[in-house]
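Everything below concerns the one structure shown next.
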Amino acid sequence: MPLRRFRIGRLVLILLLLASAMQLVLIQTVRAGDLTASAEKQRTTRITIAAERGAITDRNGNRLAFSTEARALVTNPRLISSIKKDQAPAYKADMAQAVAEATGGDPNALRGLLDADRGYVVLTTSADPDVARALRERFPEIAEEKREARQYPAGNLAANVIGAASWSADNQKLVGRVGLESSDDGVLAGTDGFQIVDTAEGSDTVIPGSTRAQEAAVPGSDVELTLDSDLQYVVQQKLQDYVAKTGARGGSAVVLDAKTGEVRAMANGTTFDPRSLGTADPATLGNAAVSSPFEPGSVNKIVTMAGALEYGIAKPDDVLDVPGSIKVADRTVHDAWNHGLDHYTLTGVLAKSSNVGTIMTAEQLGADRFSDMLARFGIGQRTNVGLPGESAGSVPARESWSGSTFGNLPIGQGLSMTVLQMAGMYQAVANDGVRIPPRIVAATIGPDGSRTEEPRPDPVQVVSPQTAQQLRTMLTAVTQKAPGGNSGTGYAAQVPGYQVAGKTGTAQQVDPSCGCYASSTYWITFAGMLPAQNPNFVVAIMLDAPGGGTSAAPLFHDIASYLAQQERVPVGEPAPVQTLVVP
Amino acid sequence: MSAPVKTPTRPRPRVSVDWKGTEAPARRIPAQRGAVTIPAPRKGSQKGAQKAYARRDERVRRAAPKRAVPKKATQVGTGRAQFVLLIMGLFATGLVLTLWLSTAAAADSYALQQARTDARTLTEQSERLHREVAAMESTPALAQRAADLGMVPVQDPARLVVAPDGGVTVVGEPRAAVGHAPVPAANPMPAPDAGPSQTAVDAGAAQAGPPPAAQPDPAQAQPDPAAQAAQDAQTAQNAQNAEAASQQAQEQAVQNPQQPGGA
């Protein structure tokens, strides 16, 4: 009997052993893959290591945009209500007050958020880490979310150039929204790293020593601009004041380094504060200085003059018999003032901005050479300055020119350019005929501190140095004030102690209702350089539909006067008076 | 079936026990014993031989343990004690070491925790300070603070050009900078009592300025000394922190430029 029981026991044991052996084989081989995968899924966590976004600095290393670590504070009002029951309102008021004090928010707005019957509210998006920690310790219902905050210490300074970046909940990182922040996002953003670790189930606690793979984040590169903060501030202030004063719809101004074509300042009549991108008017976010072409008006007359001097068609002191109007194909072009047959020197034609005299000269130059000269000045081509949304402007193709086209283009109507292109034209004249397409990004500085200069664009020889020199002298006549009808159109641009070369422009805007040129709205322009004979700076200004009789020359004066002081430009001889009108 | 299985197994442990401790001779002894004890009943006829065998057996039995056992006991005794002591020593050392290491690790982990907290606090502090510095040194902030101090940007300054021969030419027209910002008191610290006497003299000088300015002709020449006097008054006040006098002189400083302008 005991023997039998023993045998049965042994049999049962053997069967059990076989069963467990079979199960073991099943688990270890057949289901091994599945089980491993689900186990890993349960405890393996991929932690993203955020890469810090690069900064944007000006030419002197002043930081215009940079990133800091921040915390978003979130909470669940519904949960607070259910936990605190009767004390909930008092507790929420207390919380709203504390959060407002710590983060500088509006207590009433926070109170409103907390009183809402919602499961998730964001109390603030940019609390400092220590502030967030203190609040979380005081109110355990508040949770932190790690964020990167973008700082714009200079506010709206160069905001239209720099643009703005803001937090993207989808990507869990800062993303450029407008301007350079958007177009250079790839350079600034860097590459996120990651860490694959095991975590305790249901929490973020990393099990020590469980790191499987790790890749450090590569911070984004810094972008150094050619802008000068101080100059940018002054140009921006003066332009915005002037736009407001003249009642213009808008305006743009660009300051270029005459020798290198670097953009030292670029301002628009309207701007925004990148610190509050959400509330900014979308119309103010663009950068009209590169994206909005306009008809330049008389500033375009230097193309004709450059051609005439370059091809030896006329000399500055050649006298032209200029009637009050000229017929080009089917239309008649008048001068801006009524006159009979007058005798102007070529300088006088430019300085007094005679349309008739210019068209007479252009006709001598010929359409082909004029068209070629326009292209050499960079009109109708993008400058590739490095900013998003750049417009090339428009120049009608040579084949499509009608008879009257050539009556329009020399006086700056029927073609369009951006303020930057306009500045580029005058930069060529300032730089002895060599046009260097403007650039706004000076260099990128990698996370290791290595500096990569932006490639310099190829210079374009527009005219000979002699022609450029003659043109500069002619342009100083524009700003001369002399008796006997020998004053130029832009003497308000004069800066005492310096010779100023420049050109005024007025172009009729197109009335969209009739598709014709409007008689009351104008683009008022001015482009010039200082000092005239060895220019350091080129300034181009455009005002969009200011009040009647407005000139941009006084604004040029203000900017040029600041430049002369700030950059310590040596005082020069006064410009000799040139003869504009011959009796 | 169970009984035969058990019998052969019983002597084996006994054999193996002797076997382990003894050398080659000891191995023979159980074989002899076995040979003596088991076949004994069969050889009952020869008593002499039996006795001899028994005596020899007895001798061997006495001799063998005498020689082997005491020797073995002392050797093993000292060796084992040393070994046990060694192990105990090792255990004790290990225990102390483990305790010490874990205590040190715990203490270090607190220090590490503290250091990490400090580092984090300092990083946050540094970041905040950097941010504040960036905000304070940004151009608009500087411009604002300059304006708050009553500074105004100068437009078209006159310049002095010094010729190689030492002659000086004034380029441009010297003019006072025009500002729209009200000028706050340069030094708003409370004034000591001794202050006003000195400034009153200067302020008096400034006050003496305006009457001639009312006459049309000298008005053109007047502004400079008058403004100078007012300026002197202000410098003196700054030095002495006379608040009342400062206000008075400021009014004059504002009035003085107006009078020539009106004339």
Worksheet item: trypsin sites (Lys or Arg not before Pro), restricted to the stretch A:182-267: which are DSSP loop and have at most 15 other Cβ atoms within 10 Å?
Response: A:R212, A:R249
Worksheet, complete the sentence: Residue by residue through the stretch A:181-189, the couplings from Karplus 6.51 cos²θ - 1.76 cosθ + 1.60 with θ = phi - 60°, in Hz, x for Gly and Pro, are 4, 7, 6, 9, 4, x, 6, 6, 5
Discussion item. If I take every Cα pair under 8 Å that is 6 or more residues apart in chain A, average their sequence separation and divide by the length, what percent do I get for the relative contact order?
Written reply: 14 percent
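Given just the C-alpha atoms of the stretch A:300-384, how large is their convex hull per residue in cubic angstrom?
Numbers: hull volume 8.8 nm³, N = 85.
So the per-residue hull volume is 104 Å³.
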Worksheet item: Taking the alpha carbon gyration tensor of chain A, what are the square roots of 5 times its eigenvalues, largest first, to the nearest whole Å?
Response: 69, 28, 21
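If r is the Cβ-Cβ distance from A:I49 to B:S109 and R0 is 25 Å, what FRET efficiency results, to the nearest 0.05?
In this case the efficiency is close to 0.60.
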Discussion item. 5 Å is the cut-off here: which amide hydrogens, built 1.01 Å from N in the peptide plane, fall below it relative to A:G251, excluding neighbours closer than 5 in sequence?
Written reply: A:G269, A:T270, A:D544
Discussion item. On C-alpha positions alone, give me the angle between the axis of helix A:367-376 and the longest principal axis of chain A, in degrees, nearest 10.
Written reply: 40 degrees
Worksheet item: Which aspartates and glutamates have a Cα lying under 19 Å from the Cα of A:K84, excluding residues fewer than 8 positions away in the same chain?
Response: A:D94, A:D115, A:D117, A:E137, A:E141
Worksheet item: Which whole-angstrom value gives the distance between the alpha carbon centres of the stretch A:249-293 and the stretch B:94-161?
Response: 33 Å
Practice prompt. Let me know the volume per residue of the alpha-carbon convex hull for the stretch A:88-135, in Å³.
Written response: 75 Å³
Worksheet item: Roughly how tilted is helix A:2-25, in degrees to the nearest 10 and between 0 and 90, from the longest Cα axis of chain A?
Response: 0 degrees
Discussion item. Could you tell me the center-to-center distance, by alpha carbons, between the stretch A:29-58 and the stretch A:103-174 in angstrom?
Written reply: 26 Å
Practice prompt. Taking the Cα centre of chain A as origin, sum charge times position over the Cβ atoms of Lys and Arg (+1) and Asp and Glu (-1), and report the length of that vector in debye to the nearest 20.
Written response: 1880 debye
Worksheet entry | the stretch A:116-129 - phi-based ³J(HN,Hα) in whole Hz, Karplus 6.51/-1.76/1.60, Gly and Pro as x | 5, 8, 10, x, 7, 10, 9, 7, 8, 10, 9, 7, 5, x
Discussion item. Compute the distance from the alpha-carbon center of the stretch A:175-202 to that of the stretch A:314-389, in whole Å.
Written reply: 54 Å
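Checking the a/c ratio against 1.5 first, then a/b against b/c, what shape does the Cα gyration tensor give for the stretch A:39-136? Walk me through the numbers before you get to the answer.
Values: a/c = 3.25, a/b = 1.39, b/c = 2.33.
It comes out oblate by the Cα gyration axes.
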Item to complete: Count the net charge of all other residues whose Cβ sits under 15 Å from the Cβ of A:M266, scoring Lys and Arg as +1 and Asp and Glu as -1.
Response: -2
Worksheet, complete the sentence: Among A:K85/A:K146; A:K315/A:K481; A:K259/A:K301; A:K327/A:K481; A:K301/A:K481; A:K92/A:K173, the pairs whose Cα-Cα distance exceeds 24 Å are A:K85/A:K146; A:K327/A:K481; A:K92/A:K173
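Full extension from A:R78 to A:D511: what is 0.36 nm times the residue separation minus their Cα-Cα distance, to one decimal in nm? It would help to have the intermediate numbers written out before the result.
Values: separation 433, 0.36 × 433 = 155.88 nm, distance 5.75 nm.
Value of the extension gain: 150.1 nm.
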Fill in: Two-site label geometry, A:R138 and A:T125: point separation in nm, points 7 Å out along Cα→Cβ
2.4 nm
Item to complete: Estimate the FRET efficiency between B:Y53 and B:L90 by the formula 1/(1 + (r/R0)^6), using the beta-carbon distance for r and 56 Å for R0, to the nearest 0.05.
Response: 0.60
Worksheet entry | Dipole magnitude of the stretch A:111-248 about its Cα centre (Cβ charges: Lys, Arg +1; Asp, Glu -1), debye to nearest 20 | 440 debye
Item to complete: Pop out the ³J(HN,Hα) list for the stretch A:229-238 in order, Karplus 6.51 cos²θ - 1.76 cosθ + 1.60 with θ = phi - 60°, rounded to Hz; leave Gly and Pro as x.
Response: 3, 5, 5, 4, 4, 5, 4, 4, 4, 5
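Since every read-out is calculated from the coordinates, none of them should be taken as a lab result. Here the structure is a predicted model, which is why all the values come from computation and not from measurement. Heads up, the Cβs are rebuilt from the backbone with ideal geometry, glycines too, and the neighbour counts pull from every protein chain shown.
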